[in-house]
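Data block below; observations after.
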Amino acid sequence: MRRFLLSTALAIALLSPVTVRAAEPATYANPILYADYSDPDLIRVGDDYVMVASSFHFSPGIPVLKSRDLVHWTLVGHVLPRLPFAPDYDMPGPFQLDDTRSKPVDGTRYASGVWAPAIRHHNGLFHVYWATPDEGVYMSMAERPEGPWTPPVQVIAKPKLEDPCPFWDDDGTAWLVHSVVGAGPIILHRMSPDGKKVLDEGKIIIQDKEKLPILEGPKLYKRNGFYYIFAPIGGVEKGVQVALRSRSIHGPYGWQVVLSQGATALEGPHQGGWVETPSGQGWFVHFNSTGAFGRIVHLQPVDWVDDWPVMGRRLGATYGGEPVAVHPMPDTGVAPTQDRLQDSDEFATTSLGLQWSLNHNPDDKAWSLSARPGFLRLTAGKAAQITTARNTLTQILQGPDRRITARLDVSRLNDGQQAGLSLFGVRPSWIGVAQEGGKRYLTLSSAGVETRGEALKDITVQLRAEVTEDQKVRYAYSLDYGRSFRPFGEAMQLARFSWWKGSRPALFTFTKGEPGGVLDVDWMRLERLSKGDAR
């Protein structure tokens, strides 16, 4: 009887409809890059997404990132090996600037350099366009995002221009739009078919200071017979994103606000680039200004209503949207990857990792990865403070928190030399070692005010900076190879904005005495302070 009941139950189970719960779709959370890749623009070529961002006075310039799923990114190169635009990118001085203030910047090019690049793919080549506020508009080309990239070509030799974007129309004509430093108006030029020069003085196609204030960052597209210019208005911290459209590239252009803060806590979601996946989904990457972490990158879905793009979550019956915090992953045809931004470095190779960039152009005779294999060697040049020192090696700070630890060999410092680990920016802070009278002392500096600590007996010291979500940094050091760390000083508030960039972890050395002393860095390691997603 028991066997009969079991058999009957099995038969009923086999004949009954089976309810299989569908797998929950994979999701992503914003920001996709909690890192200062400001003014992002991107394209898709095949299954790859390629993004570029502003780099200002840092060298190499214009980071190039690649992704297969639009959420996870890795660095693959830079467009500019150096900043060749003017002698001041080599920091020749003389300087009025010091660690106590942000200007005047004479003898440097802080806040200049590469502004808001745009990337396009045409005739089998990647094209990147950018402006420098003092020199004009430039472009460079490459067969692969990794490079090599051609030397920059000056497309327009005129200062005070910003945010250029090229466009090749269906009939083969080439165009360039850009704004003007100070934001607005939007100007259109005809270009030569190869995109290397403009063919006219340009025509203002959009200008309305009252309704479209601080109009900048234009990106030009074409869809369903409409020409679209996606552009932010209202400024870096509080602005919104608008879309302008016309049946003629020359205008007139109507416009709609397509992304704003809405009911969210995210102020100023704007300025970026639009892309479509092979399945036809639309996506918009943009920045959000966070203060010391810089302008970090968010990703919004894009739907089209009446041929207007609606970005993020639609607000009622309008064409506007508000940012999403969590959303299903883009349908790129690729499973979510494990790609990530590079950060830690053991200095075990003969070339710098792509995560590194230097403050202005480096003095290549004063740094090496081969002089002492397995170490980064920095040779001190003359400087009064870190703000005017050359060869300060930096990388973008990743949030929302970070622990940065570096091991230094200070055995070859000279008197007058200082070396260490910094959160570099306006009114920088650092922990390090200063040598005077043949003795080495731990030193803490904040906005140019130095505090001397204990004398070192060993030649090796580990320095640590911990950056918390409230944008404060706490410094510490270890004299026992990392077994224990001693705090040095109180928590310091990081600068909110540093020449258009966020604060950056940095390794440095400079001297107030005779040049030539050496700092050897064994490694620098970065990790999250808090548990959670491993951004």
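The values are calculated or read from the model by the stated rules, or taken from the named source; none is laboratory data. From a predicted model like this one, the values you see are computed outputs, not experimental measurements. Methodologically, a virtual Cβ is constructed for each residue, glycine included, from the backbone with ideal geometry; neighbour enumeration extends over all protein chains shown. Accessible surface is based on the protein model in full, side chains and every heavy atom, while ligands, DNA and RNA are left aside. Shrake-Rupley method; radii C 1.70, N 1.55, O 1.52, S 1.80 Å.
Computed quantities for the displayed model
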item: Cα-Cα separations in the chain greater than 39 Å, expressed as whole percent; result: 30 percent
item: Cα gyration tensor shape for the range 236-302, rounded if a/c is under 1.5, else prolate or oblate; result: oblate
item: Area projected by the alpha carbon convex hull of the range 133-272, averaged over all directions, nm²; result: 9.8 nm²
item: Length added when fully stretched, Q342-D363, from 0.36 nm per residue minus Cα-Cα; result: 5.2 nm
item: Stretch gain in nm, segment V45-L125, where the contour uses 0.36 nm per residue and the Cα spacing is subtracted; result: 27.8 nm
item: Long-range HN-HN contacts of L33 with modeled amide H, under 5 Å; result: V297
item: Listed residues P185, Q271, L215: farthest to the positive end of the dipole of the chain (Cβ charges); result: Q271
item: Within the accessible area of the chain (1.4 Å probe), percent carbon and sulfur; result: 52 percent
item: Those lysines that a straight Cα-Cα span of less than 30 Å connects to K219, excepting residues fewer than 8 apart in one chain; result: K66, K158, K160, K196, K197, K203, K209, K211, K238, K501
item: Förster radius 35 Å - calculated FRET efficiency between R144 and D522, Cβ distance, rounded to 0.05; result: 0.55
item: Check: the range 453-535 dipole with +1 on Lys, Arg Cβ and -1 on Asp, Glu Cβ, in debye; result: 300 debye
item: Estimated inter-spin distance, D307 and V181, nm [label 7 Å along Cα→Cβ]; result: 3.8 nm
item: Given 10 as the ceiling on other Cβ atoms within 10 Å, longest exposed-site-free region of the chain for GluC sites (Glu not before Pro) in DSSP loops; result: 211-535
item: Contact order relative to length of the range 200-281, as percent, for alpha carbon pairs under 8 angstrom and 6 or more apart; result: 23 percent
item: Coordinate range along principal axes, alpha carbons of the range 437-523, Å, largest first; result: 38, 33, 25
item: Residue-wise HN-Hα coupling along the range 186-203, computed from phi with Karplus coefficients 6.51, -1.76, 1.60 (Hz; x: Gly, Pro); result: 8, 10, 10, 10, 7, 10, 5, x, 7, x, 9, 7, 8, 10, 8, 7, x, 10
item: Residue-span extension gain [R82 to S192] - 0.36 nm each, minus C-alpha spacing; result: 36.9 nm
item: Label-point separation, I204 to D98 (7 Å along Cα→Cβ), nm; result: 4.4 nm
item: J(HN,Hα) series, the range 216-221, from Karplus relation 6.51 cos²θ - 1.76 cosθ + 1.60, nearest Hz, glycine and proline x; result: 8, x, x, 10, 9, 9
item: Spin-label zone in the range 489-526 - amide nitrogen under 19 Å from a point set 7 Å from the Cα of R452 along the C-beta vector; result: 489, 510-514
item: Inter-centroid distance (Cα atoms) of the range 448-477 relative to the range 169-189, Å; result: 48 Å
item: Under 20 Å from K439, Cα to Cα: lysines that are on another chain or at least 8 residues apart; result: K382, K457, K512
item: Low-density loop positions, chymotrypsin sites (Phe, Trp or Tyr not before Pro), the range 452-492 - DSSP coil, at most 13 other Cβ in 10 Å; result: Y481
item: Inter-part distance where the range 219-246 and the range 267-313 are each reduced to a Cα centre, Å; result: 11 Å
item: Residues of the chain: accessible area per residue with a 1.4 Å probe, Å²; result: 41 Å²
